[in-house]
Structures are given as structure tokens and as C-alpha cells.
Amino acid sequence: MAALGERVLDFLSRLHSHSRYPDAKRDEAYTSSYRFIRLVIGFLGILLPVIFIVGEAFFLRGGVHVRGSLSEYYHTSMQDIFVGGLCVIGFLLATYMAGEWRTWDFGASLIAGIAVLGVVFFPTTRSNLPHGAPACGSVPQPAGCSAVEQALGEHQTAVIHGVFAIVFILFLAIMSFLFAASEVLAAKPARFRRPGLFWTHTACALTILAAGAWAFWGAGIWELTPLYIGEVVSVWAFAASWLVAGFYLTAPARPGRSVETADRGTAPAATASTNQ
């Protein structure tokens, strides 16, 4: 029996369930996984608005039709993709940087993740309803109402949805500002690690805020409502910031590191051992 147990353990030890990288490469491998999460969030942000339009046109066998806001796709044939895509983004944001939970990055990302999940589970009102149509919360239950809308009422749910959407957009901008702050080295005097990335993330953050303001006070373009324009532009700016942060190792320098060491991305201990 003992021999059988040893054989089972030997078999398990040979499986590829353990890291195959040597110690020198192990941290780099996990960092690559962490950066891949950023890329997934960025690509989802870029693709979802396009998928909503193209997917609905495919399912309805009609022309391309743009809704009044991204949130309205909840009440269309794209509901599953809307819920699934935003839930993936929400859970990734909520758990991002969880290993360093005492940071501004984790706090901002957690709030943004919870907010986008709130956008999903507290949907906006149904669009294009005929005059006098019963609202969610009525009995019998109108078509297209979620359980939350039926329990809280359509208007009440839409108000909660709007609050979550505003919080989400605000904290998207804050996260881009934090990415920009990561490019400022704690040196005397302070200096940029990569000025181009600093200004790129800053521009994305300002674009998110401007797009959010446009959603409330801007003008429509062609068939696009101000709300739709503001939402799409803010999501794309957020996605661009995360894609840049994924392609480049945008992370704060460790305390006590020199400017030259931080620029090279090598640990002081490694440098010291090399000089000995």
C-alpha cells in the first residue's frame, strides 16, 4: 500500500501543475500573467461596444442600429454578452492588485469593479416602450423586466443604475491617473520614468472625465445620443490606458531604489551581487 502511495505521489510530481521556471524567471512569469489581465480588460473595453452593434445586427438580420446608451443593450438580444462581458471586467477589476490591498490602485480598482457589477445587476429602463405601457414592478410582470426591476420598480432600479455608472466612469479616470502617477519616480528632484507613458495615461484620464461630462451636457452626432458618445469614448479611453499599461510594465518603483535601477527594472540586491 505504501509503494502504491509513493507511485501516485511520483506521478503527481511529474505533472505540469508546478512552475517550470527557475527561481530567476519565476517572478517574471507571474508578472506576465498579471500584465495579461490588464490586456484582457483593455481588449474587452475596446471590443464590447462594437460587438453589441454587430452582434445585434446579425441576430436581428437587419441593419446596424445604435442604441441610446450602452446600458440599453441589456434589454436586447445582446443581453447575455452584455452581462457576461461586464461581469468579466467587473470581477477582474475587483480582484486586481489584491495582493497589495493597502494601495490606492487596489482601492480604486475594487470600487470600479463593484460599480460595473452594479451597472449589470441594476439595469436601466427599457427603451422604445409604447405610451402607457406598464412599468416593471406591476402585476402581472411586464415582458423584459429583470427580477431586480420587478422587486424594486423600474424607475428606482434605473436611478441606482445611474449612480453605479457615474461611480464607474469616475474611478476609471482615477485608475488612469494612478497609472500616470506610477511613472513619477520618488527621486530628489522627482522625475519621470517614461514621460510618454505619463502623458498618455493622463490624456486617457482627462478624456474619460470629458466624455463623462459630454454624456450629460454634450450634443448628439448623427444617430448617436450624447449619453452613448460619452459612454463609448470613456470606455475606449479607459481600455487604451489599460492596454498601454499591459504592453509596458507600468508599476510603481519599489521604495529605496535609485532612479537608474528603477529605469532598468532590476532589483538593488541583484545589482549588488553583480558588483561583488
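Assess whether Gly68 counts as being closer than 27 Å to Phe216 by Cα, among the small types (Gly, Ala, Ser) and modelled with pLDDT under 85. Break it down into steps so the answer makes sense when it comes.
Working: closer than 27 Å to Phe216 by Cα: yes; among the small types (Gly, Ala, Ser): yes; modelled with pLDDT under 85: yes.
Yes; evaluated as a whole, the condition is true for this residue.
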* To do: Only residues in the range 71-85 that are β-branched (Val, Ile, Thr) count as the first member; pair them with residues that are surrounded by fewer than 23 Cβ atoms within 10 Å (Cβ to Cβ), Cβ under 6 angstrom, at least 6 apart or cross-chain, and list the lot.
  => Thr76/Glu56; Val83/Val120
* Restricting the range 215-253 to residues that are at pLDDT 80 or above and touching a strand residue (DSSP E or B) at 6+ places or on another chain (Cβ under 9 Å), the residue that is nearest to Ala173 (Cα to Cα) -> Val232
* Any residue at all in the range 234-251 that is more than 22 Å from Phe36 (Cβ to Cβ) and either within 16 Å of the chain's Cα centre (by Cα) or among the small types (Gly, Ala, Ser) (or both)? -> yes
* Could you say whether any residue in the range 89-98 is at pLDDT below 80, within 20 Å of Trp242 (Cβ to Cβ) and touching a helix residue (DSSP H, G or I) at 6+ places or on another chain (Cβ under 6 Å)? -> yes
* To do: Being modelled with pLDDT under 90, of a type outside the set (Gly, Ala, Ser) and touching a Phe, Trp or Tyr at 6+ places or on another chain (Cβ under 9 Å) narrows it down to one of Thr124, Thr157, Thr103, so name that one.
  => Thr124
* To do: Evaluate the range 168-184: report whether one residue or more is within 28 Å of the chain's Cα centre (by Cα) and more than 19 Å from Ala108 (Cα to Cα).
  => no
* Structure fact -> Residue set Ala210, Ala219; condition within 16 Å of Phe177 (Cβ to Cβ) and either without any contact (Cβ under 8 Å) to a residue 12 or more places away in the chain or surrounded by fewer than 18 Cβ atoms within 10 Å (Cβ to Cβ) (or both); output residue Ala210
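Looking only at the range 86-115, count every residue that is among the acidic types (Asp, Glu) and within 15 Å of Ser176 (Cβ to Cβ) and tell me the total. Please lay out each step first, then the result.
Residues of the range 86-115 among the acidic types (Asp, Glu): 100, 105.
Add one more test, that the residue is within 15 Å of Ser176 (Cβ to Cβ), and what stays is 105.
Residues meeting the conditions: 1.
If you go through the range 54-108 one residue at a time, how many are of a type in the set (Phe, Trp, Tyr) and closer than 19 Å to Thr157 by Cα?
The first filter runs over the range 54-108 and keeps only residues of a type in the set (Phe, Trp, Tyr), leaving 58-59, 73-74, 82, 91, 96, 101, 104, 106.
Adding the requirement that they be closer than 19 Å to Thr157 by Cα leaves 73-74, 82.
The total comes to 3.
The values are calculated or read from the model by the stated rules, or taken from the named source; none is laboratory data. These figures come from a predicted structure and were not determined experimentally. As a convention, Cβ positions derive from the backbone with ideal geometry for all residues, glycine included, and neighbour counts pool all protein chains shown.
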